[in-house]
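The values are calculated or read from the model by the stated rules, or taken from the named source; none is laboratory data. Given the structure is predicted, the values throughout are model-derived calculations rather than measurements. Heads up, the Cβs are rebuilt from the backbone with ideal geometry, glycines too, and the neighbour counts pull from every protein chain shown. Side chains included, ligands, DNA and RNA excluded: accessible areas come from the protein's heavy atoms. Shrake-Rupley method; radii C 1.70, N 1.55, O 1.52, S 1.80 Å.
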Amino acid sequence: MSEEYRNNPSIANFVEYLRIPSVQPNVNYEECLNFLKRQSDELGLLFKVYELVPQKPIAVLTWLGQEPSLPAILLNSHMDVVPVFENSWTYPPFSGHIDEDGKIFARGSQDMKCVGIQYLEAVRKLKSSGIKLKRTMHLSFVPDEEIGGHDGMKKFVLTDSFRALNIGFALDEGMANPGEEFVVFNGERSIWQIHVICTGQPGHGSLLLPNTAGEKLRYIINKFMDLREEQKKILESSPKFTIGDVTTINLTQVFGGIQSNVVPEKLTAVFDCRLAVTVNHEEFENMVKQWCKEAGEGVTYDFEQKNPCVEVTKTDESNPYWMAFKSLADELKLKLDIRIFPGGTDSRYVRRVGIPAIGFSPMNHTPVLLHDHNEFLRADIFLRGIDIYVKLIPAVANV
Ligand code: ZN
């Protein structure tokens, strides 16, 4: 079986892309660009590279539609992958080894070189069957998603070049699901990383001084942890909730102090908060402000990161692209499970500039192995994904 899969041209293309070690940190994207340029030429697409930051290229492959003045469709994927602990892998992580069960092993097989190749292979099939699309289709291959997209999609969406693409709707990465459903993501939580700085009376460790930083820090930690406990209860209260539905809070760093017998004048706690899409940002910040006030004199807060509130992509009649997606899924009898993405993807930048975006990686019956050892995707699931895009691309491009 593995032999048969190895000879499949779509899988051969996938394996070739997987073998390019575009691994963080300090990725050399040159080989990815060469690969994509060749694909683009084979498919008769327009090929353009935008380099907003040196060594951080964004490749856009364009298939012109018959009505190019209409808003276009963006099919996005990122070229980079996360690091590997090679000793923990059964097969070398950049080999694209196909085992007897047809599992294709490589870093990026799920996250998300699979999707990039599925877009290309679907376009190949559509073009060879002579289909023409109404709307223009842009396939973007972006750098550095795995380190926050700051030099990639985040900057790109703010450029005139991006605006000129005139995007009306975007598809980006989702996640595997071990069950029958295909998970689609229509929003992301907002990341807030908050430093709370507690200052107080310094002095000798043998005394019971008033107004110490430690007492204030305890108050702050209690407040954040109480909220954490509440959210945990909500998450556990119903099987229909996933982690993306609640606000998560974690105490990730504590620092301060000089030595064991000196009461410090400053202690800092850092909280990683992911605000559920239903949270009012102003109210949340006012609550933190209030806690600092209650904790005592000299307690302040700072943001290391504070994502703005971004509207979720509508999954109702008001979004014609979604309706096209949904009716195709019904036609193909794909069960969809709409969720809020637990982490962050480049979709948040796309949504931030007002473009509806859906995160979708067509991988059902697949264990979630992104960023894990022995990441793999079964060849049959990969090929089925191409067939899905062969239907999905015209569905959204002909809206
Ligand atoms: Zn990814």
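Before moving on, here are some points about what is shown:
- Of residues in the range 360-372 being assigned to a loop (DSSP other than H, G, I, E, B) and open to solvent by less than 60 Å² (accessible area, probe 1.4 Å), the one nearest to the ligand (Cβ to nearest atom): LEU370
- Residue match in the range 56-79 (condition: open to solvent by 10 Å² or more (accessible area, probe 1.4 Å), in contact with a helix residue (DSSP H, G or I) (Cβ under 6 Å, 6 or more places away or on another chain) and among the aliphatic types (A, V, I, L, M)): no
- Scope the range 27-75; condition of a type in the set (Val, Ile, Thr) and more than 16 Å from the ligand (Cβ to nearest atom); matching residues: VAL49, VAL53, VAL60, THR62, ILE73
- Contact map, the range 128-146: residues that are in the same structural domain as ILE20 (by TED's automatic domain parsing) paired with residues that are within 16 Å of the ligand (Cβ to nearest atom) and β-branched (Val, Ile, Thr), Cβ distance under 7 Å, separation 6+ or inter-chain. Pairs shown: SER140/ILE58; VAL142/ILE58; PRO143/VAL27; PRO143/ILE58; GLU145/THR345; GLU146/VAL81; GLU146/VAL82.
- Selection count, the range 236-269, where residues are buried (at least 17 other Cβ atoms within 10 Å of the Cβ) and not polar (S, T, N, Q): 9
- Residue within the range 316-331 that is assigned by TED's automatic domain parsing to the domain that holds GLY96, touching a Phe, Trp or Tyr at 6+ places or on another chain (Cβ under 9 Å), more than 21 Å from ASN166 (Cα to Cα) and more than 16 Å from the ligand (Cβ to nearest atom) present: yes
Matching residues to (1) surrounded by fewer than 23 Cβ atoms within 10 Å (Cβ to Cβ); (2) within 15 Å of the ligand (Cβ to nearest atom):
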| position | (1), (2) |
| --- | --- |
| CYS114 | no, yes |
| LEU120 | no, no |
| LYS155 | yes, no |
| THR159 | yes, no |
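- Yes/no for ALA357 being touching a residue at least 12 places away in the same chain (Cβ under 8 Å), within 16 Å of the ligand (Cβ to nearest atom) and either of a type in the set (Val, Ile, Thr) or within 21 Å of LEU70 (Cα to Cα) (or both): yes
- Taking first residues from the range 12-39 that are farther than 13 Å from SER109 by Cα and open to solvent by less than 40 Å² (accessible area, probe 1.4 Å) and partners that are of a type in the set (S, T, N, Q) and not in a loop (DSSP other than H, G, I, E, B), the Cβ contacts under 8 Å between residues at least 6 apart in sequence or on separate chains come to GLN39/ASN13.
- Count - residues of the range 122-152 that are among the charged types (D, E, K, R), away from the ligand (no atom under 14 Å from the Cβ) and out of contact with any strand residue (DSSP E or B) (no Cβ under 6 Å at 6 or more places or on another chain): 6
- PHE224 vs. criteria away from the ligand (no atom under 16 Å from the Cβ), within 24 Å of VAL115 (Cα to Cα) and of a type in the set (Phe, Trp, Tyr): no
- Scanning the range 170-180 turns up no residue that is over 16 Å from the mean Cα position of the chain (by Cα) and open to solvent by less than 10 Å² (accessible area, probe 1.4 Å).
- The residues of the range 76-112 that are under 26 Å from LEU392 (Cβ atoms), in a loop (DSSP other than H, G, I, E, B) and away from the ligand (no atom under 16 Å from the Cβ), listed by number, are GLY96, GLY102.
- Residues (surrounded by 16 or more Cβ atoms within 10 Å (Cβ to Cβ) and in a helix (DSSP H, G or I)) located in the range 205-214: ALA213
- Meets criteria (surrounded by fewer than 18 Cβ atoms within 10 Å (Cβ to Cβ), part of a helix (DSSP H, G or I) and out of contact with any Asp or Glu (no Cβ under 9 Å at 6 or more places or on another chain)) for LEU328: yes
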